[in-house]
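Since the structure comes first, as structure tokens, the remarks are kept for the end.
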Amino acid sequence: MTIQADQETIIVEAFINGQNVKSLSQVAKENPTNPTEIVGYFPVTTKEQAVEAIEAAAGAFKTWKQTSIDERITMMRKAIEKIRAAENEIVHLLSREHGKPLYDAHGEIYVSLMWMEFACNEAKSALQEEIKEHENGKTILSYDPIGVVAAISPWNYPIALSTIKIAPALLAGNTIVLKPSPYAPLAAAKVAEIIASEFPAGVINVVHGDADVGVELTSNPLVTKIAFTGGTATAKHIIKAASETIKDMTLELGGNDAAIFLESFDVHDERAMRRIVISNFLTAGQICMIAKRVYVHRSIYDEFVEKYIEAANRWIRIGDPFDSNTTVGPVNNLKQKNYVLGLVEDAQKRGAKVIPLGQILDQKQFEQGYYLQPTLVLGCDVHDPIVVEEQFGPTVPILPFDDEEQVIHLHNESVYGLTSSVWGKEEDAISVARQLEAGTTMINTAAVQGLDVRFPFGGVKQSGIGREYGAEGIRTYTEKHVINVPKTLDLPYIPE
């Protein structure tokens, strides 16, 4: 990546085998705060260049897999320090291309570095060969690298959801080809190149481009694992493309995460009300694990809605991501803005009440960017699209329920199961949580406020396959290799 002298326009190229590789065409990335401003340009990588990147990774794997875990950790720690040193530059670029406020962009770097540090600290024990002596002889269990990893990251948390793949893949001895989202390609590419500067050529490669590049990454026989974060519909195409060569896959997909407020929840707990508002509208609601539908016990429903609106109007300030007063920025792209608007308009047509939330800091700027004022939607049917579909934007429906059996059913009938949250007395909340179909359930908090990188994260049902984070998130980039040394070499029932 090169940064022009004016520090304004970022030029990104494909990064293959340790070198920037020019493409015949570039695509402009606009600033969602002001779409007439071009933040930078990224390339349309060709299918042939994607093949070149895969082959570079496959070639580098032959020697990289032989390096010691100590060498890999040392390189990764140096990369972490380089990212930390460039944090302000990265954060400003991320805010400009994505639209998330500066505090939110800093938060993404914080989570990324926290995970990378944990992975470095945990890698030796997670990947330690196990030798067991037993009555039948000896068994050796090793965690071997898989090979070339194709990593496809989304636009909502482009850095965190790239490093969540890069760090464990490389520490486990694999090589990688990363494809960032075209909706947020610049900062992710910069971070990937910073990491690559500490590793041998070919170990990390970065490509961009259209569907043909994605198809190559997911179908090329040299690729042995796919790590994808994104929509369930796209994942179905990936699974089909990968089926010919039976690739290993880790898929973290869509979610329609529910927040359940039990009768024992204290609606006068202002900190808790602030937490749920943030859990709905952080990053303008564009987080896979954000609380997207809220169920409240009927006995506290009216007062809950009242207190929720008060908390939302205190916290939500819609404006320029570089304004320290801003808590909610624009939606990342026009397509997503129109999709969310469509869901809200559909709810209104069905008779729902839509309540705007928060304060718009600059009306002129609001009208020129991809902004949406956060909204609360009341009076929905439990099966309305705004309830059963993933909005991925700044709107949330709140619905009443009558008993735990009913709300557990409403939660579990969804085809998704990424995260959920239960709010109330801890004992009551855990009892309900045990009955929910989800990869992670949080108690009295939700979304990134309840994330812990030390433990595995992922979804059930159509929310994904496999787990990231934790020791399991490192081992997912390995193959378990069992070496048996039996004491008795002959089977006792085989005749001479």
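The values are calculated or read from the model by the stated rules, or taken from the named source; none is laboratory data. Keep in mind the model is a prediction, meaning the values are calculated, not measured. Reconstructed Cβ throughout: ideal geometry from the backbone, glycine too, with neighbour counts over all protein chains shown. SASA here: full protein model, heavy atoms, side chains in, ligands and nucleic acids out. Shrake-Rupley method; radii C 1.70, N 1.55, O 1.52, S 1.80 Å.
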Q) With Cβ to Cβ distances under 12 Å as the rule, what net charge do the other residues near Glu81 carry (K, R +1; D, E -1)? A) +1
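Of Lys307/Lys425; Lys62/Lys82; Lys138/Lys236, which sit over 30 Å apart, Cα to Cα? Don't skip to the end; give the middle numbers.
On the way: Lys307/Lys425 19 Å; Lys62/Lys82 27 Å; Lys138/Lys236 42 Å.
Where the Cα-Cα span goes over 30 Å, the pairs concerned are Lys138/Lys236.
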(Q) Give me the extension gain from Met114 to Ile11: residue separation times 0.36 nm, minus the current Cα-Cα distance, reported in nm with one decimal. (A) 34.3 nm
Q | Under 11 Å from the Gln348 label point (7 Å along Cα→beta-carbon), backbone N, region 304-325 | A | none
Q: Please give the FRET efficiency for Ile131 paired with Glu479, using the beta carbon to beta carbon distance and R0 = 22 Å, rounded to the nearest 0.05.
A: 0.80
Q | Degrees separating the helix 270-281 axis from the principal Cα axis of the chain, which is the longest one | A | 70
Q | Accessible-area value, Met289, 1.4 Å probe, nucleic acids and ligands omitted, Å² | A | 10
Q | Angle between the chain longest axis and helix 160-171 axis [Cα atoms, degrees, rounded to 10] | A | 20
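Quick one: net charge of Ala50's neighbours, Cβ under 11 Å, K/R +1, D/E -1?
On the way: positive: Lys47, Lys179; negative: Glu48, Glu52, Glu55, Asp210, Asp212, Glu216.
Net charge in that neighbourhood comes out at -4.
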(Q) Positive end of the dipole of region 354-493, charges at C-beta (+1 Lys, Arg; -1 Asp, Glu), about the Cα centre: which of Val407, Tyr477, Ser421 has its Cα farthest in that direction? (A) Tyr477
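What net charge is computed for the residues neighbouring Ala311, neighbours being all others with C-beta under 11 Å from the C-beta of Ala311, Lys and Arg scored +1, Asp and Glu -1? List each step's numbers first, then the result.
On the way: positive: Arg271, Arg274, Arg275, Lys307, Arg314; negative: Asp269, Glu270, Glu306, Glu310.
Charge balance near Ala311 sits at +1.
Size of the dipole of region 132-190 about the Cα centre, Lys and Arg at +1 and Asp and Glu at -1 on the beta carbon, nothing else charged, in debye to 20?
Working: 5 positive and 3 negative charges, 57 e Å.
Using Cβ point charges on Lys, Arg, Asp and Glu, region 132-190 gives about 280 debye.
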Q: Tell me the GluC sites (Glu not before Pro) within region 206-273 that lie in a loop according to DSSP and have at most 10 other beta-carbon atoms within 10 Å.
A: Glu244
**Q.** Solvent exposure ordering (accessible area, 1.4 Å, most first) of His237, His409
**A.** His237, His409
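Tell me the mean residue ellipticity at 222 nm calculated for the chain from its helices only (DSSP H runs of n ≥ 4, each -39500 (n - 2.57), averaged over every residue, nearest 500). Working shown, then result.
Working: 16 runs with 191 residues, N = 496.
Calculated at 222 nm, the ellipticity per residue is -12000 deg cm²/dmol.
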Q.
If the reach is capped at under 12 angstrom between alpha carbons, list the aspartates and glutamates near Lys225, excluding any in the same chain fewer than eight residues apart.
A. Asp248, Glu479
Q) Residue separation times 0.36 nm, minus the C-alpha to C-alpha distance between His383 and Ile355: what's the value? A) 8.1 nm
Q. In nm, to one decimal, how far is the Arg434 label point from the Thr488 one, both placed 7 Å along Cα→Cβ?
A. 4.3
Q. In nm, to one decimal, how far is the Arg77 label point from the Ile38 one, both placed 7 Å along Cα→Cβ?
A. 4.3
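Using heavy-atom solvent-accessible surface (probe 1.4 Å) with all chains present, what is the largest-first order of Lys65, Lys240?
Details: Lys65 85, Lys240 145 Å².
Correct descending sequence by accessible area is Lys240, Lys65.
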Q: Assign unit charges at the C-beta atoms only (+1 for Lys and Arg, -1 for Asp and Glu), then state the dipole size of the chain relative to its Cα centre in Debye, rounded to the nearest 20.
A: 760
Q.
For Lys190, give me every one of the aspartates and glutamates with a C-alpha distance below 12 angstrom, ignoring sequence neighbours fewer than eight places off in its own chain.
A. Glu13, Glu87, Glu89
Q) For Asp403, what accessible area in Å² do you get when you roll a 1.4 Å probe over the heavy atoms of the protein chains, rounding to the nearest 10? A) 70
Q. Which far-off residues, 5 or more places away or on another chain, put their amide H under 5 Å from the one on Leu178, with H placed in the peptide plane?
A. Ala151, Asn205, Val206, Val207
